[in-house]
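Structure, as structure tokens:
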Amino acid sequence: MTSTRSWALAGVVTGATGVAASQMVASLLSARESPLVAVAEGVVRATPGPLASQAIDVLGSAAKPLLVGVIVVALLVLFALAGWLWPRRTWASVLVWLGLGATGMVAVALRNGTAAAEVLPIVVGVTVWLVALQVFAVVLGRDSAVAAGPSDPSEPSVASAGPAAGRRGFLATVAAVGLLGACSGVTAQLLERRKAAVLDRRRLLRIPGVTQRTTPARARIGVPGVTPWRTANDDFYRIHTALAVPAIDPAEWRLRIHGMVEREIELSFDQLIARNIQESWVTLNCVSNEVGGSLIGNAWWSGVMTRDLLREAGPLPGADAVLQTSDDGWTCSTPLEAMTDDRGAMIAVAMNGEPLPLEHGFPARTLVPGLYGYTSACKWVVDLEVTRFSDVEAYWTARGWAEQAPVRLASRIDVPRPGAEVASGRVTVAGVAWHQTIGIAEVQVSVDGGAWTPGRIASPSTDSTWVQWAADVKVDAGDHVVRVRAVDRAGEVQTGVERDPLPNGASGWHEVSFTAVDEDPI
Ligand SMILES: Nc1nc2c(c(=O)[nH]1)N[C@H]1C(S)=C(S)[C@@H](COP(=O)(O)O)O[C@H]1N2
Ligand SMILES: [Mo]
């Protein structure tokens, strides 16, 4: 086998394996799209409309497979080229691989942004390419030393007349890299198929008692630019430690309630949703949210009250905690009290009128108004163990976060945006404020360190959600800083003491700098 053919083959096998590995990582991380698909769709979008419609006219339904075919052939040629280049001009080969990676990166970023789940598949793919070719270089380099081609000594070669061992080494490497690729590809396929099946189940799922709800009029402050009061599912922040989002078939899901109880309960999904479904607006936030941060969202949730389920199980005296476990092994420990009092803690099965999105815990997750997510809002929940705090440790409490973490009274400015330029005179400042289960009574703003003056708040129907607020302030031309603080219904005034999120939530006043300019008198 000639060196040219060996290296071209090495390039093709390496290239395909890198793509397969990246597909597998994309499936594992539930990326919105694999890099390969993102590039293909990028090509479609970049194709001028008339050309595209002409292509579809002429080629009909063959247009799509043809496009895929063209991309695959183009990739194979590039892979072969990059393989051939490796022993000759390694830097040029590296440039080809990096260029391919960069193309994927741009396609993905334009479409889905640069979250870890979108970027990591590309990083893995490029790494596989470079490492595999280096392995080939070692194997083929060793062989070429043994069987240097007579014709051109500057060209490393594996002469067909070379020692059979050398050739076997090369073929073994092709087989090993190819096997890695095949396994990755098959894994990606299986993951995708499982996920597709679960998504199908979810799409067809109808849960009696689940309703849709839009933002109530009284919850709107009516200032443009303020965060929508109801957070759409796609815009809801997502936090989980699981690398792969669990894809759970509701037919296989079980919830076990046990531990310090009189009666153990085990429920299938059908048994759960056959119970009394109740619904409410609840704002959920993450303890890691910085002052002014966006790890908070508000939705219309539907589910079964944990109070009812736990009462039925009958907690034994001495129990003060519920250790919740997710299908992915993540745990949190929640005060038993918070899951059995009247605040409306639930096993949620729907979010904004739809079955939970997979990323938010499908088919069931818990939700406890007034507590940060890490101590209460177990996604893909499968197990509730009634226990004692002194007997258990949960995922984050074992890592230095507080055992008890009620949400802190907080407020945020959404408009003006930091650095905004606004017309001098009357400026409307607006945002959101929250102290779940207690509720917000008042929001105050202070401009340039001046006196706190009250703004107005919209009034949602429950204290378990954030409120939108607004305040009109007067400013002259120049740079300004506006601050906000909230007062809750219990009379607590939001503290200006600045604390980091660790161990039990950030505190401090959110402030925004902006510039006021005099409008041109026309
Ligand atoms: N299984 C599981 N559930 C989890 C977590 C997790 O890492 N794994 N993170 C928690 C944290 S820290 C928060 S803030 C909320 C976030 O819920 P969301 O992703 O639906 O917004 O989920 C909680 N439930
Ligand atoms: Mo969190």
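Tell me, please, whether a residue that is free of Cβ contacts under 8 Å to residues at least 40 places away in the same chain and closer than 18 Å to V139 by Cβ can be found in the stretch 60-81. Spell out how you get there, then give the answer.
Going through the stretch 60-81, the residues free of Cβ contacts under 8 Å to residues at least 40 places away in the same chain turn out to be 60-74, 77.
From what is left, the residues that are closer than 18 Å to V139 by Cβ are none.
Within the stretch 60-81, none of the residues are free of Cβ contacts under 8 Å to residues at least 40 places away in the same chain and closer than 18 Å to V139 by Cβ.
Could you list all residues from the stretch 474-522 that are acidic (D, E), assigned to a loop (DSSP other than H, G, I, E, B) and touching a residue at least 12 places away in the same chain (Cβ under 8 Å)?
Listed by number, the residues that qualify are D476, E492, E498, D518, E519.
Could you tell me whether the stretch 239-260 includes any residue that is at negative phi, over 30 Å from the mean Cα position of the chain (by Cα) and not in a loop (DSSP other than H, G, I, E, B)?
yes
Cβ-Cβ below 9 Å, separation at least six or inter-chain, first residue in the stretch 230-242 and touching a residue at least 12 places away in the same chain (Cβ under 8 Å), second of a type in the set (G, A, S) and within 10 Å of ligand 2 (Cβ to nearest atom): which pairs?
From residues that are touching a residue at least 12 places away in the same chain (Cβ under 8 Å), the pairs are I239/S288; I239/G373.
Being under 20 Å from D448 (Cα atoms) and not hydrophobic (A, V, I, L, M, F, W, C) is the filter here, so list the residues in the stretch 458-506 that pass it.
Matches in the stretch 458-506: D472, K474, D476, G478, D479, H480, R483, R485, Q494, T495, G496, E498.
Sort out which residues of the stretch 346-378 are more than 10 Å from ligand 1 (Cβ to nearest atom), of a type in the set (G, A, S) and on the phi < 0 side of the Ramachandran plot, and write them in order of number.
A350, A364, listed by residue number.
With respect to A313, is the statement that it is within 16 Å of ligand 2 (Cβ to nearest atom), among the aliphatic types (A, V, I, L, M) and under 29 Å from V392 (Cβ atoms) true?
Against the criterion (within 16 Å of ligand 2 (Cβ to nearest atom), among the aliphatic types (A, V, I, L, M) and under 29 Å from V392 (Cβ atoms)), A313 does not qualify.
Within the set of pairs 6 or more residues apart or between chains, which connect a residue that is in the same structural domain as D234 (by TED's automatic domain parsing) inside the stretch 277-297 to a residue that is assigned to a strand (DSSP E or B) and more than 15 Å from ligand 1 (Cβ to nearest atom) with Cβ atoms less than 7 Å apart?
I277/V304; Q278/M305; V291/H510; G292/R412; G292/H510
State all residues of the stretch 435-444 that are surrounded by fewer than 24 Cβ atoms within 10 Å (Cβ to Cβ) and closer than 23 Å to V512 by Cα; if no residue qualifies, say none.
Passing the criteria: A441, E442, Q444.
Run down R307, R263 and say which single residue is assigned to a loop (DSSP other than H, G, I, E, B) and free of Cβ contacts under 8 Å to residues at least 60 places away in the same chain.
Values: R307 fails: assigned to a loop (DSSP other than H, G, I, E, B).
None of the others qualify; the one that does is R263.
Quick check on my filter: what residues within the stretch 267-285 are surrounded by fewer than 19 Cβ atoms within 10 Å (Cβ to Cβ), part of a loop (DSSP other than H, G, I, E, B) and not polar (S, T, N, Q)?
Residues satisfying the conditions are A274, R275.
To keep it simple, each residue is scored yes or no on (1) of a type outside the set (G, A, S); (2) at pLDDT 85 or above; (3) surrounded by fewer than 20 Cβ atoms within 10 Å (Cβ to Cβ).
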position	(1), (2), (3)
S27	no, yes, no
A63	no, no, yes
A116	no, no, yes
P121	yes, yes, no
G125	no, yes, no
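With W396, W300, W380 as the choices, which residue is aromatic (F, W, Y) and touching a Ser or Thr at 6+ places or on another chain (Cβ under 6 Å)?
Just one listed residue meets the conditions, W380.
Condition first: touching a Pro at 6+ places or on another chain (Cβ under 8 Å) and either within 15 Å of V381 (Cβ to Cβ) or at pLDDT below 95 (or both). Now tell me which residues in the stretch 227-271 satisfy that.
I248, P250, W253, F269
Quick check: is even one residue across the stretch 286-300 within 16 Å of ligand 2 (Cβ to nearest atom), of a type in the set (A, V, I, L, M), outside any loop (DSSP other than H, G, I, E, B) and more than 21 Å from P208 (Cβ to Cβ)?
There is at least one residue in the stretch 286-300 that is within 16 Å of ligand 2 (Cβ to nearest atom), of a type in the set (A, V, I, L, M), outside any loop (DSSP other than H, G, I, E, B) and more than 21 Å from P208 (Cβ to Cβ).
All but one of (1) in contact with a His (Cβ under 8 Å, 6 or more places away or on another chain); (2) at pLDDT below 95; (3) basic (K, R) hold for R412, so report the exception by its number.
Here R412 meets the rest and fails (2).
Which of the residues spanning the stretch 355-399 are within 14 Å of ligand 2 (Cβ to nearest atom) and in a loop (DSSP other than H, G, I, E, B)?
G361, V368, Y372, S376, A377, C378, K379, A394, Y395, W396
Given the options V447, V432, name the one that is under 34 Å from the mean Cα position of the chain (by Cα), in contact (Cβ under 8 Å) with a residue 24 or more places away in the chain, within 20 Å of V226 (Cβ to Cβ) and surrounded by 14 or more Cβ atoms within 10 Å (Cβ to Cβ).
Working: V447 fails: under 34 Å from the mean Cα position of the chain (by Cα).
The unique qualifying residue is V432.
Working only within the stretch 207-238, note down all residues that are in contact with a helix residue (DSSP H, G or I) (Cβ under 9 Å, 6 or more places away or on another chain) and at positive phi.
G209
Is there a residue being loosely packed, with under 14 Cβ neighbours inside 10 Å and on the phi > 0 side of the Ramachandran plot anywhere in the stretch 457-468?
no
Under the condition of being within 11 Å of ligand 1 (Cβ to nearest atom) and not aliphatic (A, V, I, L, M), which residue from the stretch 236-250 is surrounded by the most Cβ atoms within 10 Å (Cβ to Cβ)?
Per the stated criteria, the residue is P246.
I'd like the residue in the stretch 283-307 that is under 27 Å from F269 (Cα atoms) and among the aliphatic types (A, V, I, L, M) and, out of all such residues, is nearest to ligand 1 (Cβ to nearest atom).
Selected residue: L284.
The values are calculated or read from the model by the stated rules, or taken from the named source; none is laboratory data. Computed from a predicted model, the values in this text were never measured in an experiment. Glycine also receives a Cβ, built like all others from the backbone with ideal geometry; neighbour counts cover every protein chain displayed.
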